[in-house]
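The next block holds one structure in the form of structure tokens; read it before the comments.
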Amino acid sequence: MERGGRSTKGVMAVACAVAALVLAMGIAACGDDTVGGGSGGEVTVAKGGPAKGHLTISNWPGYIDPGPKGTVAEFEKDSGVSVDYIEDVNDNNTFFGKMQPQLEQGESGGRSIFVLTDWMAKQMYDLGYLQEIDRADLPTVFENLVPSLENPSFDPGRKFSIPWQSGMTGVWVDTAKAPDIKSVNDVFDPKYKGKVTFLEEMRDSVPLVMKAEGVDPEEATNEDWMKAIDKVGAAADSGQIRAFTGNNYNEELNAGNIVAAIGWSGDASIVSNPNAEWRMPTEGCVLWSDNMVIPVGAPNVGAAFGWMEFVYEPEVAADLTEYITYVSPVDGVKDLVKPALAKDQLVFPSPEFQENCSTQDSPPDVETVSGAWADVVAG
Amino acid sequence: MSPKQRLVPYWLLGPGLLWLLLFFVVPMYFMGELALRSGTLTSGFTFTWEWSNFPDSLSGHTEQIVRSFFYAGTATVLALAIGYPLAYAIAFRAGRFKLLLLFAVIAPFFTTYLIRTIAWKTILSDDSPVVSVLQTLALLPDDGRILATPAAVIAGLTYNFLPFMILPLYANLERLDMRLIEAAKDLYSSSRLAFLKVTLPLTMPGIVAGVLLTFIPAFGDYINAQLLGGTGQAMVGNVIQSLYLNQRDYPEAAALSFLMMALILAVVTVYIRFAGTGAFMGDEDELERRA
Amino acid sequence: MTVAANAWGWLRRNALPIYAGFAVAYMLIPIAVIAIFSFGDTPQGKLTFTLGEGFTLDYWRTVFDIPELNEALLTSLRLAALSTLISTVIGTLMAIALVRHRFFGRRAANLLIVIPMATPEVVIGASLLSMFIYYSFTLGFSTLLIAHVMFSISFVVVVVRSRLIGFDRNLEEAAADLGATPLTTFRTVTLPLLMPGVIAAALLAFALSIDDFVISNFNSGTTVTFPLYVYGVSLRGIPVQVNALATLLFVVTVLAVVLVLWQQRRAERMAAVRPEREAPPIPAPPAQATT
């Protein structure tokens, strides 16, 4: 092959590449120019209607009693609505990332209800991705909602969120292997090196660490947050913390890989390790709620309202609580469940039990602090 | 050739090229464009020719990049060490069972990547027999573990990408003309020498293809690190995934993605030049050159 | 010779097959684990061999009882079937064009096909997502299909191309000499002989699509494929039916392949054509037809 021929071929290849690139840019120019920034539109109030047709719900895993006698089946029988119940919310951030492009365009991906933790509900609302709810459409809900949840700081008057379940973040301990862990500070004890996990969720892990240092998360400054994050980061680097988990810390507990995990109070049903128990840290826990919200572009809002009304009936709520063992937002459930469960402080916590607990809050400078935390979690 | 005949290859290529152009090249352009934006999701990303995203993402994540090289490189070397003898055995010593064995190699593919890796997580868990055996053999300290260590991630990578190494090796070994080895032996060469001087050089294209097909996806993988690794084992793939889906810092994610591709391209170019073969790019060119 | 020497000699001679046996066993370990786990109420995550207690066929009986799981599996199968069909057709046409025709831009086309294979899945998935965001495409089955076809094309081309290169053109020339038009030749000679390569490529495309997690994770919207479903439940506790289904999938695939191989063996025996040797070259006709 002559050298001349080779170089011509090379030039041709480059020319083709350039042509392809120009073509690509041309096609690209037909697209939209803005990315992100919220939809910036007016906040709509969700319009109700008769409950019929089809309903798609996105919820966290393990948050419903399944099967032919479960809540979904009962609702379908009761109302005639066919329900697609998808358990694809594994993490607030990841779910947000997945849905954001569509929400930006005013679409909800076919879903009529999301279930999100308080702060994420607020974040979506601020970005204009949620619809507001008219109290008049949900009489049962507002009649049965426990008073303590009627006016949360992130949504006074419950304009866009309806609580699904509440819970507490504390420490799951394998009492056979680490009986003396009673505070979050004990989790940093070197003798448990490599045998503890933290939650990926910043608003679960970091406030606990701050509380253990004597800082009130609701009043914490950026420096307080960063100091706590540094402490966790150092523990991660030294190998003290084995991993940052999502919902799956229960697997590690069950397999015997860890002795302690920052985790959620209601997970008893999925922790099969007989020695593991959830402990309220001596300095208190973190309180949170997961809420049902109606996204923009939600189809069949009437059916969504029907669902919300249904699950706020005390009998239905009681069935739910018996299975998922989290704290119900519905008044009167305590009298309807099995007596053993009614006495369980984790499911029906008394005010004294929760007196040291704090609600989940966001740091003043969310971007920077979240970025620092993400760096720690990502390794 | 008639003008119509000249157009035939273009008709044949058309659909495929169009698909690749629309759904590979164009997205790359968008990713590049995204990499030059700045801002946040809540306030919007605006196009500001933010070239600093590139060096920033590089310096912020050097540790993970180096780690990815190390893990993927080690996994590739291990895969080669394990895979070459296996491919050789299948090509020359398997007889009737050739295709069956080959299938046994690909078989794991048919049980979702995730399930395979989770199975390894169970096999290697702290209380498992495997770890106990290793502890008794003193290969592990008494309270040692495999999971959440680099070893687990490398083991996972090696296992999951072994078929990518074996198949090209096998394809190449199978075409080897045994008569060349016989000729070498006739010329009084020992088996080992015959292997080194005849087989190995002739199978170089297969080795190159296998190494590349293994290293490249391993470098960008994040599942193994996520499932089998712990806090100190995050790879570049984990960071990119976190940036895109968790932090929604799209510009930094896009910049890092481009950097990763550039790094891979650099490694591939150097390697191909060093190993010297057109096996990866176009056999028919090589064939023509030899004809 | 002593028994020990005999044994040692036997070991040396069969070292390679013995090693191959171990290697193949290693490849199949996770599958064995998954199968074992499908039979048990074994406590989550613990590998115990006490199958006596807790051994149950319940999960096999109820293997199709989880609607989300079934739906995810069906979606994956549909997606894989469509993706295989499209990408195999497109890829085969491309391979033919690349090997058989010389045309302007062949090098560039080669490059374009190879680069996606060299791009980590994270990057492909993320860049596609970026584009779909720009064009406000609703993420779902169609976006998944687009993505799957895209990354399959390259692999199909490579596999079919390698088959085409080893192709004996004399057979086609013979057909032409016997008066067949190019299209007829293609239909009756080329395509049938090409079939093993095309089928291999299709199998590869199918496996890639059904197994894909990373790219699907970025581009699926509400659609749930089998790997995505497994990922979702793995964070909370995999229902045992998943293990049963995975084992079922594996066994079905193995049976299918064994069946195909057995059929092939029978067909070849009946046609008395040995698989190891290509058909003997047909001598060129004495007088070349002048054009």
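Quick note: the coordinates plus some simple rules give every number you see, no bench work behind them. Remember, it's a predicted structure, so these values are computed and weren't measured experimentally. Backbone-built Cβ (ideal geometry, glycine too); neighbour counts: all protein chains shown.
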Exercise: per-residue mean of other protein chain Cβ atoms within 10 Å, A:80-89
3
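If you take each beta carbon of peptide C:147-158 and count the beta carbons of other chains within 10 angstrom, what is the mean? Before the final figure, lay out each step's value.
Numbers: counts 3, 0, 4, 7, 3, 0, 7, 3, 1, 1, 2, 5.
Whole-number average of other-chain Cβ neighbours for C:147-158 is 3.
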Spatial separation of Cα centroids for segment B:175-203 and segment C:90-133, in angstrom:
37 Å
Can you give the alpha-carbon Rg of segment A:131-222 over 2.2 N^0.38 Å, where N counts its residues?
1.52
Quick calc: nm separation of the 7 Å Cα→Cβ label points for A:Ala340 and A:Thr44 -> 4.9 nm
Mind listing which chymotrypsin sites (Phe, Trp or Tyr not before Pro) in segment B:176-285 are in a DSSP loop and have 10 or fewer other Cβ atoms within 10 Å?
B:Tyr188
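Give the calculated FRET efficiency between C:Arg13 and C:Asp65 to the nearest 0.05, with a Förster radius of 51 Å applied to their Cβ-Cβ distance. Don't skip to the end; give the middle numbers.
On the way: r = 52 Å, r/R0 = 1.03.
That gives a FRET efficiency of 0.45.
For the protein assembly as shown, what is the convex hull (Cα atoms) projected area averaged across all directions, in square nanometres? If you can, show how the numbers build up before the last one.
Working: hull surface 183.0 nm².
Average projection, Cα convex hull of the protein assembly as shown: 45.7 nm².
Run the numbers for B:Phe70 and B:Ala183: contour at 0.36 nm per residue of separation, minus the present Cα-Cα distance, in nm. Working shown, then result.
On the way: separation 113, 0.36 × 113 = 40.68 nm, distance 4.05 nm.
Difference between extended and current length: 36.6 nm.
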Ignoring everything except DSSP H segments at least 4 long, calculate the 222 nm mean residue ellipticity for chain A; use -39,500 (n - 2.57) per segment, divide by total residues, nearest 500.
-11000 deg cm²/dmol
Along Cα→Cβ, 7 Å out, is where each label goes; now give me the distance between the ones at C:Leu77 and B:Leu196 in nm to one decimal.
5.4 nm
Mean-position separation - Cα centroids, segment A:116-168 and segment B:248-268, in angstrom
41 Å
Name the aspartates and glutamates eligible as straight-distance cross-link partners of A:Lys193: C-alpha to C-alpha under 12 Å, and not fewer than 8 places from it in the same chain.
A:Asp237, B:Asp143
Computed label-point distance, nm, for sites C:Thr184 and A:Thr221 using a 7 Å Cα→Cβ extension
9.1 nm
Sequence neighbours fewer than 8 away in the same chain don't count; with that in mind, list the lysines whose C-alpha is under 22 Å from A:Lys334.
A:Lys69, A:Lys343
Residues of segment B:233-258 with the amide nitrogen closer than 14 Å to a label point 7 Å from the Cα of B:Glu63, along Cα-to-Cβ, please.
B:233-236, B:239
Can you give me the Cα centroid spacing of segment C:252-266 and segment C:66-87 in angstrom?
23 Å
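Which whole number gives the average count of other chain Cβ atoms within 10 Å of the Cβ atoms across peptide C:244-251? Intermediate values should be presented prior to the final figure.
Details: counts 0, 3, 7, 2, 0, 4, 6, 1.
For this peptide, the per-residue mean of nearby foreign Cβ atoms is 3.
Among B:Trp49, A:Trp172, B:Trp120, which comes first, then next, by fewest other beta-carbon atoms within 10 Å?
In order of increasing Cβ crowding within 10 Å: B:Trp49, B:Trp120, A:Trp172.
Which FRET efficiency, nearest 0.05, do B:Phe97 and A:Val146 yield, Cβ-Cβ r, R0 56 Å? Mind showing how you got there, number by number?
On the way: r = 68 Å, r/R0 = 1.21.
Computed FRET efficiency for B:Phe97 and A:Val146: 0.25.
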Tell me which DSSP H helices of chain A clear both cut-offs, 18 Å or more of axial length from alpha-carbon atoms and a mean Kyte-Doolittle hydropathy of at least 1.0.
A:3-28
Taking A:Lys211 as the anchor, which lysines have their alpha carbon closer than 18 Å to its alpha carbon, excluding any fewer than eight residues away along the same chain?
A:Lys182, A:Lys227, A:Lys231
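Once the Cβ-Cβ distance between A:Glu322 and A:Ala136 is put in as r, and R0 is 25 Å, what FRET efficiency do you end up with, to the nearest 0.05?
Values: r = 31 Å, r/R0 = 1.25.
Working from the Cβ atoms, E equals 0.20.
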Name the long-range amide H neighbours of A:Thr245: under 5 Å, sequence gap of 5 or more, or other chain; modelled H, no Pro or chain starts.
A:Phe198, A:Leu199, A:Glu200
